[in-house]
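Enquirer: Provided herewith is a single structure, encoded as structure tokens, for subsequent inquiry.
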Amino acid sequence: MKYRCSVCNAIFISKDVSSCPFCFSSKDFIYEVDKEVNEQKEVFLNAVKISEDNYGVMRDNTKCIDCGICRETCNLMCGLDFKNDTSRCLACGQCITTCPTNALRPKDSYLRVKELLKNKIGICYTSPAVRVSIGENYGYEAGSFMQGKLVALLKKLGFKYVFDTTFGADLTVMEEATELVNHLKNGDSGPMFSSCCPAWVKYAQNECPELVQNISTCKSPIAMQGAIIEKYFLPKINVRKEDVVTVAITPCTAKKMEIKLEGIFGTDEVVTVLELASWAKMDGIDFKNLADEEYDNLFKEGSGAGVIFGMTGGVCEATLRTTYHLMTGKDLEQLVFEDVRGLKNVKEASIDIDGFKVNVLVVHKIKELSKVIEKIKLREKDYHFVEVMNCEGGCVGGGGQPKIFGDSLKVKEARAKGLEKRDLNNKVRFSYDNPDIIRIYQEYLEYPGSNVAKEILHKCQESVKN
Ligand code: SF4
Ligand code: SF4
Ligand code: SF4
């Protein structure tokens, strides 16, 4: 009889199934794989269709009970029902979050990374929303700020350098705010849309292509971080790209798709929080008893503005803080925009910048975009900046986050509160005050929107291969 281990995904033939022969997980994680049953189950009537070449999500057909919950979730969260046209899938993984049998899960990358780390130097960087959810795997409350243990875990798993993607978020803010200032000064038509959520960008390409031209050209924080590591950090430490493996640790399955896009470089793999928990378990790491460790220099510091990128409204708030500074030369005094915080799906705010009224719109849970899309297209209101995040709550609700049992809104809210608290207590609240950001522009990028910044930190709205 053939068996599969749901922790490490190994398939094996054995008489003894008291534990997995590869990762030693207990028999609770082992189940029979019957080839005939597997093949019969290829035909699903209710399940959402996931193609073999989907970069973000995979399904174990042997576990699927064809309940259709994934399809309902896709419709509820993304407003999609694409039947056999799998090219419309956003790889966002929202369907993973509700699958009752764990048949759906992030496309595995961690086993490959584990293998690569045997011969290569490991460099990873962790997205803001990971540090407020990873603890849930170990019994901590949602929103518990676990940055120190997260760094320690990644060091234990074999990464030589562990960096903070909050640096990448701050860099995105610098470039995006500069782009917004130009957009406002030039009087460009229509709002500028945020670009850091790859599921939203793909949604726009598929469902509302007329909006694509108004999406910011900035790459996302992980893509900027990867580019800086390849072009600036590796030459600085005199290491060749082929001798390292660069890994983004994210709450997001769609990032697995993003790193395959043309023009995106520097990040080899994306590992989600769900995968990280499986990996830690496989390596027998006692997360609770890890002593806190710090991120490595050169990308150690993140501002409060970068941290809130992980929640709905955060990109907008962070971008406005720097936009205000670029337009007035002053620091914004009222940093928190209560109107764009919280889990209301569509939020609006206005800010006066030197007599110019800037209107912003924030949408999360992408299905909700349909409620305002006509308003935007018909210019019923003059919006200047629109933040769109595919997942409910933004990245705190990503498809690669720990599964939520119980009140999911409450958990997402608690994760967001963890980020808000960090912003509030951060010494540096503005991206332009982050010392690592100041240094990267002085030593390499020159200034936001420079030719070198455009070349490595911006993109055309290229087609998605998934
Ligand atoms: S939710 Fe999971 S078990 Fe149910 S149909 Fe979808 S993949 Fe299958
Ligand atoms: S990954 Fe997202 S878009 Fe694709 S089926 Fe799942 S919920 Fe729908
Ligand atoms: S909202 Fe965040 S986690 Fe969700 S798809 Fe977009 S980038 Fe990924």
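Enquirer: Going through the range 177-227 one residue at a time, which ones are basic (Lys, Arg), farther than 22 Å from Ala305 by Cα and in contact (Cβ under 8 Å) with a residue 40 or more places away in the chain? Explain how you work it out, then say what you get.
Expert: So the first thing to find is which residues in the range 177-227 are basic (Lys, Arg), and the list is 185, 202, 219.
Checking the rest, the ones that are also farther than 22 Å from Ala305 by Cα come to 185, 202.
The one that is basic (Lys, Arg), farther than 22 Å from Ala305 by Cα and in contact (Cβ under 8 Å) with a residue 40 or more places away in the chain: Lys202.
Enquirer: Something else now. Working only within the range 373-384, note down all residues that are out of contact with any Leu (no Cβ under 7 Å at 6 or more places or on another chain) and in contact (Cβ under 8 Å) with a residue 12 or more places away in the chain. Don't jump to the end; show me each part of the working.
Expert: The first filter runs over the range 373-384 and keeps only residues out of contact with any Leu (no Cβ under 7 Å at 6 or more places or on another chain), leaving 373-382.
Within the range 373-384, Ile373, Ile376, Lys377, Arg379, Lys381, Asp382 meet the criteria.
Enquirer: Let me ask you something else. Could you list, in sequence order, all residues of the range 174-201 that are under 12 Å from Val388 (Cα atoms) and assigned to a helix (DSSP H, G or I)?
Expert: Hits for the range 174-201 are Pro198, Ala199, Trp200, Val201.
Enquirer: Based on this model, can you work out whether Lys118 counts as within 16 Å of ligand 1 (Cβ to nearest atom), charged (D, E, K, R) and either over 19 Å from Gly398 (Cβ atoms) or surrounded by fewer than 23 Cβ atoms within 10 Å (Cβ to Cβ) (or both)? Steps first, answer last, please.
Expert: Details: within 16 Å of ligand 1 (Cβ to nearest atom): no; charged (D, E, K, R): yes; either over 19 Å from Gly398 (Cβ atoms) or surrounded by fewer than 23 Cβ atoms within 10 Å (Cβ to Cβ) (or both): yes.
Judged against the criteria, Lys118 is not a match.
Enquirer: Taking the residues in the range 89-110 that are within 16 Å of ligand 3 (Cβ to nearest atom) and either modelled with pLDDT under 95 or surrounded by fewer than 23 Cβ atoms within 10 Å (Cβ to Cβ) (or both) as candidates, determine which candidate is farthest from Leu154 (Cα to Cα). It would help to see each step written out before you state the result.
Expert: Residues of the range 89-110 within 16 Å of ligand 3 (Cβ to nearest atom): 89-98, 104-107, 109.
Those still in the list that are either modelled with pLDDT under 95 or surrounded by fewer than 23 Cβ atoms within 10 Å (Cβ to Cβ) (or both) too: 98, 107, 109.
Values: Thr98: 27, Lys107: 20, Ser109: 15 Å.
Residue satisfying both the conditions and the ranking: Thr98.
Enquirer: Restrict the check to the range 284-300 and report whether at least one residue is touching a residue at least 40 places away in the same chain (Cβ under 8 Å) and surrounded by 24 or more Cβ atoms within 10 Å (Cβ to Cβ).
Expert: Checked the range 284-300: at least one residue is touching a residue at least 40 places away in the same chain (Cβ under 8 Å) and surrounded by 24 or more Cβ atoms within 10 Å (Cβ to Cβ).
Enquirer: Run Thr172 past the list (1) surrounded by fewer than 21 Cβ atoms within 10 Å (Cβ to Cβ); (2) β-branched (Val, Ile, Thr); (3) farther than 30 Å from Ile285 by Cβ and report the number of the one that doesn't hold.
Expert: (1)
Enquirer: Here's something else I'd like to know. Filter the range 62-88 down to residues that are on the phi > 0 side of the Ramachandran plot and over 25 Å from the mean Cα position of the chain (by Cα) and give me whichever is surrounded by the fewest Cβ atoms within 10 Å (Cβ to Cβ). Before you say what the answer is, go through the steps one by one.
Expert: As a first pass, look at the range 62-88 and keep what is on the phi > 0 side of the Ramachandran plot: 66, 68, 79, 83.
Next cut, over 25 Å from the mean Cα position of the chain (by Cα) only: 66, 68, 83.
On the way: Asp66: 15, Gly68: 13, Lys83: 10.
Step by step, filter the range 62-88, then rank; the result is Lys83.
Enquirer: State whether one or more residues within the range 338-345 are outside the structural domain of Gly79 (by TED's automatic domain parsing), among the aliphatic types (A, V, I, L, M), in contact (Cβ under 8 Å) with a residue 40 or more places away in the chain and farther than 29 Å from Lys185 by Cα.
Expert: yes
Enquirer: Taking the range 100-128 on its own, how many of its residues are within 16 Å of ligand 2 (Cβ to nearest atom), in contact with a strand residue (DSSP E or B) (Cβ under 8 Å, 6 or more places away or on another chain) and more than 13 Å from Val271 (Cα to Cα)?
Expert: Residues meeting the conditions: 2.
Enquirer: So, one more: Among Val239, Val270, Val245, which is outside the structural domain of Met58 (by TED's automatic domain parsing), of a type in the set (A, V, I, L, M) and either modelled with pLDDT under 95 or under 29 Å from Lys27 (Cα atoms) (or both)?
Expert: That would be Val270, the only listed residue that is outside the structural domain of Met58 (by TED's automatic domain parsing), of a type in the set (A, V, I, L, M) and either modelled with pLDDT under 95 or under 29 Å from Lys27 (Cα atoms) (or both).
Enquirer: Give the residue that is nearest to ligand 2 (Cβ to nearest atom), with candidates limited to residues of the range 251-275 that are of a type in the set (A, V, I, L, M, F, W, C) and under 23 Å from Val7 (Cβ atoms).
Expert: Here is the first cut: in the range 251-275, the ones of a type in the set (A, V, I, L, M, F, W, C) are 252, 254, 257, 259, 261, 264-265, 270-271, 273-274.
Of the ones still in play, those that are also under 23 Å from Val7 (Cβ atoms) are 252, 270-271, 273-274.
Numbers: Cys252: 11, Val270: 14, Val271: 17, Val273: 16, Leu274: 14 Å.
Here the residue is Cys252.
The values are calculated or read from the model by the stated rules, or taken from the named source; none is laboratory data. Please read these numbers as outputs of a predicted model, since none were measured by experiment. Methodologically, a virtual Cβ is constructed for each residue, glycine included, from the backbone with ideal geometry; neighbour enumeration extends over all protein chains shown.
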